[in-house]
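Undergrad: The structure that follows is given in the form of structure tokens.
The values are calculated or read from the model by the stated rules, or taken from the named source; none is laboratory data. All of these numbers come straight from a predicted model, not from anything done at the bench. Backbone-built Cβ (ideal geometry, glycine too); neighbour counts: all protein chains shown.
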Amino acid sequence: MIRPGAIGDCILSLPALECLRSDYTEVWVRSEVVPLIGFADCGRSLGSTGIDRMGLTGLDPPPELLVQLRSFNEIVSWYGSNRAEFRAQMNQLCVPLRFLDALPPAAEKTHAADFFLQQAGCSGIALPRIPCLPGPTGDFAVIHPFSGSARKNWSLEHYRELARCLGMPVRWCAGPEEQLEDAARIDNLFELACWLATARVYVGNDSGITHLAASVGIPVVAIFGPTDPAVWAPRGERVRVVSGNLNDISVEQVLNAVASVTI
């Protein structure tokens, strides 16, 4: 299975990927997502495979890649579904490949996780889960005030005010390139997931790390602005979404959401 996309997209695809698992399964994803592919026999980074050379004019695919692709009984790919030249080369080379859409249709309101699961030929409600070894739950909140796009971020000033009002210790979380003093930085996403699993509650924007927190089953409050939560909200029994114009979402609204999932 070849699944490009950001962290959140890949996490929402986990039920579909697991549904497609066979006697031997490889999953090719972005390098940072590889630690989350624990169910597969092998997880590889897309960059290590050479598949990004496929379909490019003037570049021959690596011979070893062709040998490997032809060794599979079936390849299910979200990669290249919108690249006609990639699909044409794959067909010409007789690679046993089935393409799936990397994004749900804009006109539909089907949740992305359910859409990916339906594409895989499975039914039911898709609930992404990343199993972590059980550890003691701490009496602290985790706040990750970033995302892949500044337009999806509630203001840092609001997050700081929220932290002062939560009534419990707060541990801030940030990625390698995100500027935040004294934040926890855990590059390995599986290790980060297991650390998040020890928190009493998590609060964050529409981001991959928010999906990661939801996937370990802890209470999550997700703040959504321009993105439709009906399609892209994190999935979980203890997930609350606060959505609207980010400038209009108040600290009180988020505090109420936190209270509703931590009772």
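Undergrad: Tell me which residues, restricted to region 39-66, are in a loop (DSSP other than H, G, I, E, B) and buried (at least 16 other Cβ atoms within 10 Å of the Cβ).
TA: ALA40, GLY50, MET54, GLY55, PRO61
Undergrad: Tally the residues that are touching a Cys at 6+ places or on another chain (Cβ under 6 Å), in a helix (DSSP H, G or I) and closer than 24 Å to GLY148 by Cα, restricting the search to region 2-38.
TA: The total comes to 1.
Undergrad: Is there a residue in region 232-242 that is touching a Phe, Trp or Tyr at 6+ places or on another chain (Cβ under 8 Å), closer than 16 Å to HIS111 by Cα and surrounded by fewer than 19 Cβ atoms within 10 Å (Cβ to Cβ)?
TA: Yes: region 232-242 contains one or more residues that are touching a Phe, Trp or Tyr at 6+ places or on another chain (Cβ under 8 Å), closer than 16 Å to HIS111 by Cα and surrounded by fewer than 19 Cβ atoms within 10 Å (Cβ to Cβ).
Undergrad: Right, something else. Step by step: first the residues of region 124-153, then only those that are more than 26 Å from ARG200 (Cα to Cα) and assigned by TED's automatic domain parsing to the domain that holds ARG238, then the one that is nearest to the chain's Cα centre (by Cα). Which residue is that?
TA: Taking the candidates together, the pick is SER149.
Undergrad: Looking only at region 1-31, count every residue that is within 12 Å of the chain's Cα centre (by Cα) and either surrounded by fewer than 18 Cβ atoms within 10 Å (Cβ to Cβ) or not charged (D, E, K, R) (or both) and tell me the total.
TA: Going through region 1-31 one residue at a time, the tally reaches 13.
Quick grid of which residues meet (1) among the β-branched types (Val, Ile, Thr); (2) on the phi > 0 side of the Ramachandran plot; (3) in contact (Cβ under 8 Å) with a residue 40 or more places away in the chain; (4) touching a Cys at 6+ places or on another chain (Cβ under 6 Å):
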{"residue": "ASN82", "(1), (2), (3), (4)": "no, no, no, no"}
{"residue": "GLU85", "(1), (2), (3), (4)": "no, no, no, no"}
{"residue": "CYS94", "(1), (2), (3), (4)": "no, yes, no, no"}
{"residue": "PHE116", "(1), (2), (3), (4)": "no, no, yes, no"}
{"residue": "ALA120", "(1), (2), (3), (4)": "no, no, yes, yes"}
{"residue": "ALA141", "(1), (2), (3), (4)": "no, no, yes, no"}
{"residue": "GLY148", "(1), (2), (3), (4)": "no, no, yes, no"}
{"residue": "LEU162", "(1), (2), (3), (4)": "no, no, yes, no"}
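Undergrad: Suppose we keep only residues that are outside any helix (DSSP H, G or I) and loosely packed, with under 14 Cβ neighbours inside 10 Å within region 67-92. Which one would you say is nearest to the chain's Cα centre (by Cα)?
TA: Per the criteria, the residue is ASN82.
Undergrad: Could you check how many residues of region 164-205 are touching a residue at least 60 places away in the same chain (Cβ under 8 Å), surrounded by 18 or more Cβ atoms within 10 Å (Cβ to Cβ) and part of a loop (DSSP other than H, G, I, E, B)?
TA: Of the residues in that region, 4 qualify.
Undergrad: Among (1) touching a Pro at 6+ places or on another chain (Cβ under 8 Å); (2) within 30 Å of ASN245 (Cα to Cα); (3) in a loop (DSSP other than H, G, I, E, B), there is one condition CYS122 misses while meeting the rest; what is its number?
TA: (2)
Undergrad: Considering only region 153-161, I want to know if a residue exists there that is of a type in the set (Gly, Ala, Ser) and touching a strand residue (DSSP E or B) at 6+ places or on another chain (Cβ under 8 Å).
TA: Checking region 153-161: not a single residue is of a type in the set (Gly, Ala, Ser) and touching a strand residue (DSSP E or B) at 6+ places or on another chain (Cβ under 8 Å).
Undergrad: Let me ask something else about it. State all residues of region 104-119 that are assigned to a loop (DSSP other than H, G, I, E, B) and either under 20 Å from LEU212 (Cβ atoms) or modelled with pLDDT of 95 or more (or both); if no residue qualifies, say none.
TA: HIS111 - this is the single residue of region 104-119 that is assigned to a loop (DSSP other than H, G, I, E, B) and either under 20 Å from LEU212 (Cβ atoms) or modelled with pLDDT of 95 or more (or both).
Results for (1) in contact (Cβ under 8 Å) with a residue 40 or more places away in the chain; (2) touching an Asp or Glu at 6+ places or on another chain (Cβ under 8 Å), shown as yes or no for each residue.
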position: ILE2; (1), (2): yes, no
position: GLY5; (1), (2): yes, no
position: ASP9; (1), (2): yes, no
position: TYR24; (1), (2): no, yes
position: LEU36; (1), (2): yes, no
position: SER48; (1), (2): no, no
position: ILE51; (1), (2): yes, no
position: PRO61; (1), (2): no, no
